[in-house]
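Have a look at the structure below before the remarks.
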Amino acid sequence: MSSGGEQAMHTPVSRLIILLTIMGLSVVMLLARAAQLQIMDTEFLQNEGESRYLRDVPISNVRGEILDREGAPLAASTPVESAHADPRILLQNSEYIPLLADILEVDPDVLQRKLSQRSERQFVWLRRRLLPEVAAGIEKLDAPGVSLRREYQRFYPTGGVTAHLLGYTDIDDVGQEGLELIYNDWLRGEPGLKRVIKDEHGRFVENVELLKPARPGQPITLTIDRRLQYLAFRELQQAVDIHQATSGSLVLLDVSTGEILAMVNQPAYNPNQISQRKGDAKLNRAMIDLFEPGSVMKPFTVAAALEAGTVTPNTVIDINPGGLTIAGHTITDTHYYGPLTLTRLITKSSNIGMSKLALEMPGSHIYDVLSRFGFGKVSGVAFPGESAGVLRNHQRWHPLEQATLSYGYGLSVTTLQLAQAYGVLAARGRLHQPTLILGSNNPTSSVMDEKIAALVVSMLETVTGEEGTGKRAAIPMYRVAGKTGTSHKAGVGGYSDRYVSSFVGFAPVSQPRLVCAVVINDPQGDDYYGGLVAAPVFQAVMRDAMRLLNVPPDALQQYLVQNQAAQP
């Protein structure tokens, strides 16, 4: 029995020794293998480590839309794929380069050289914003080191119709012109960032974690009415073409709010085509181009005279003998009119009469009135490159300059400034700061006594009557007030026989809703007067705009009576 018990005691010990021996051998083998990999054969571990690596990859975000006042998109972003490569990996698999070049439609040698010159980098763009079929071809090729990345491309559905307002973005979706530039930070948002695992060929394996979520850009809603913008663009383009003019601009404002409902320019360009984004075609001329306005300034001279008390509505100005000489320069009218009331000074657009009014007032008063109406300062729209115009300090005026300024020479303005100033008259003396952003806080201020503004408006209404210079601006069934302008362009050695033709007005007079300024630069041919060139554009735009906006007519009865009298 003792020998059997002794055997039972030795059996567990033997098993334990065997187990420990096995474990020891395993440890020795593991240590030997580790030594082999770490000391004698490092290439294997390096390859395995390099076959899986972490990368931080940006996440593209969508840029905010720009919308018209009814929510129609004027600028939107569409998803596109862009191709990029790790030059080191692709160069190691050079057999793919000719195939990739064929898909991209580039010279293989050029692509090879581009990769070789950037072989120290891990990221190189091959081409941005690919066509869908090109992106599909690259994805199917599955070349080592080549990947596609989702980006967004800006698209402008209205093309050249809104190009001067919106501007455009560059290849990195950063605003370069217009509202895209002004509100770039608001529209752009922030890209995100994620950590991913890629294999040795640069291919995506899996997402690891989201480091920073992408924040989309915020939309902007404009005061622009897309329908009115199209309408204004069409009519302005047609007038510029007919008269073979160098350029033109038009601004349509809401009288009661100062909101810009339409702003168009010619020549135009298509912002969707990169090749057209150059030269003067990009200029928003309505806010940048300066010109001497001519007779469209006469209502403000009359308003200043009434405010100064140097005249009354019944004052008669003697135009005899048909010319006014100041400092050796003779001011004339196109016709001899004889004595004229203030109203007929406006109706017949007398330069002599306006000069006499101006010379009876202190220059400081004229300067103050024009400044209050917004001349010589920016509008507050905050548009890139907006011009403040030129209104010299009254202390530097000579009598001749004070006289010529009364009928629109000696100062420079923009189309927007004219629309804003006439908007003050239409609003019976209140200035509504123009705005392009719907819902913005655009301040209002009192510029002139309501009664004086109303008197000037009644005078301007005669301009579109049968005896006025602007009868082609008249709109059936509506009362229209406005003024024509035809100014010589300054050239080398003085004024030339080239012109700026304009018309600025508003309707309906009983309760003004819209004010429109039309400027045509350098029309060719014999029809260069504002009443012949710009007034018809005003008439066409305002007529259709009031129909689209359901503005009730205020001269329907008068229209019916006239039509009945005209019938045989």
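The values are calculated or read from the model by the stated rules, or taken from the named source; none is laboratory data. Just so you know, these numbers come straight off a predicted model, no measurement behind them. Glycine also receives a Cβ, built like all others from the backbone with ideal geometry; neighbour counts cover every protein chain displayed.
At-a-glance table
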item	result
Which numbered condition residue 440 fails, given (1) farther than 18 Å from residue 252 by Cβ; (2) without any contact (Cβ under 8 Å) to a residue 12 or more places away in the chain	(1)
Exclusive hit being without any contact (Cβ under 8 Å) to a residue 12 or more places away in the chain and either in the same structural domain as residue 382 (by TED's automatic domain parsing) or of a type outside the set (Lys, Arg) (or both), set 225, 170	170
Top-ranked residue of the range 357-382 - restricted to ones that are more than 19 Å from residue 396 (Cα to Cα) and surrounded by fewer than 18 Cβ atoms within 10 Å (Cβ to Cβ), ranked as modelled with the highest pLDDT	378
Residue within the range 105-121 that is closer than 27 Å to residue 62 by Cβ and either in the same structural domain as residue 155 (by TED's automatic domain parsing) or not in a loop (DSSP other than H, G, I, E, B) (or both) present	no
Residue in the range 255-264 that is within 30 Å of residue 549 (Cα to Cα), among the small types (Gly, Ala, Ser) and buried (at least 20 other Cβ atoms within 10 Å of the Cβ) present	yes
Any hit, the range 289-306, residues being in contact with a Pro (Cβ under 8 Å, 6 or more places away or on another chain) and surrounded by fewer than 20 Cβ atoms within 10 Å (Cβ to Cβ)	no
Qualifying residue in the range 290-313 (condition: assigned by TED's automatic domain parsing to the domain that holds residue 372, among the acidic types (Asp, Glu) and part of a loop (DSSP other than H, G, I, E, B))	yes
Meets criteria (in contact with a helix residue (DSSP H, G or I) (Cβ under 7 Å, 6 or more places away or on another chain) and either loosely packed, with under 14 Cβ neighbours inside 10 Å or modelled with pLDDT of 95 or more (or both)) for residue 165	yes
Residue within the range 277-284 that is in the same structural domain as residue 456 (by TED's automatic domain parsing), more than 20 Å from residue 518 (Cα to Cα) and basic (Lys, Arg) present	yes
Some residue of the range 460-480 being among the hydroxyl-bearing types (Ser, Thr, Tyr), assigned by TED's automatic domain parsing to the domain that holds residue 393, modelled with pLDDT under 95 and out of contact with any Cys (no Cβ under 8 Å at 6 or more places or on another chain)	yes
